[in-house]
Amino acid sequence: MPSYEFTCPTCGGFDRRHPMAEVPESVPCPRCRRQARRRISGGVLLRSGSAGTRLLDATARTAAEPSLVAAPPPRRSPRVTRNPLHRKLPRS
């Protein structure tokens with residue numbers, strides 16, 4: 001069931017879930033019981049549990065609580081490939 005945004009003239013915005021076929025134009029505000037009108041807004045196009053959703057959730061967490069680094073990462077040796085076809089590639 002999709003979530004729709006409503007705006008109360010005194011209390012502000014809130015969300016409500018309704019079936020798509022039964023979305024009202026106005027609902028009573030949960031705080032003051034005045035009629036709140038439905039806002040037209042962009043929909044969310046991500047599926048729950050998708051890689052995009054997980055990435056957005058991880059990004060939001062790191063923005064609010066960045067991880068602390070005690071030292072720079074250990075220096076890695078350059079990768080050496082044993083594939084003979086890679087010898088034909090141009091070198092920089």
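Just a few scattered comments:
- Positions within the range 34-58 being in a loop (DSSP other than H, G, I, E, B) and either under 30 Å from Thr10 (Cα atoms) or of a type in the set (Phe, Trp, Tyr) (or both), in sequence order: Arg34, Arg39, Ile40, Ser41, Gly42, Gly43, Val44
- Selection of first residues in the range 16-32 that are without any contact (Cβ under 8 Å) to a residue 40 or more places away in the chain and of second residues that are surrounded by 12 or more Cβ atoms within 10 Å (Cβ to Cβ) and of a type in the set (A, V, I, L, M), restricted to Cβ pairs under 7 Å at least 6 apart or on distinct chains, gives the following pairs, ordered by first then second residue: Arg16/Val27; Ser26/Ala36; Val27/Ala36; Cys29/Ala36.
- The listed residue being in a loop (DSSP other than H, G, I, E, B) and either surrounded by 11 or more Cβ atoms within 10 Å (Cβ to Cβ) or touching a Pro at 6+ places or on another chain (Cβ under 9 Å) (or both), out of Arg61, Arg31, Arg75: Arg31
- Filter result for the condition that a residue is touching a residue at least 12 places away in the same chain (Cβ under 8 Å), surrounded by 10 or more Cβ atoms within 10 Å (Cβ to Cβ) and small (Gly, Ala, Ser), over Gly52, Gly13: Gly13
Computed from the coordinates by the stated procedures, all read-outs in this text should not be read as laboratory data. Every value quoted in this text rests on a predicted model; they were computed, and no experiment measured them. Glycine also receives a Cβ, built like all others from the backbone with ideal geometry; neighbour counts cover every protein chain displayed.
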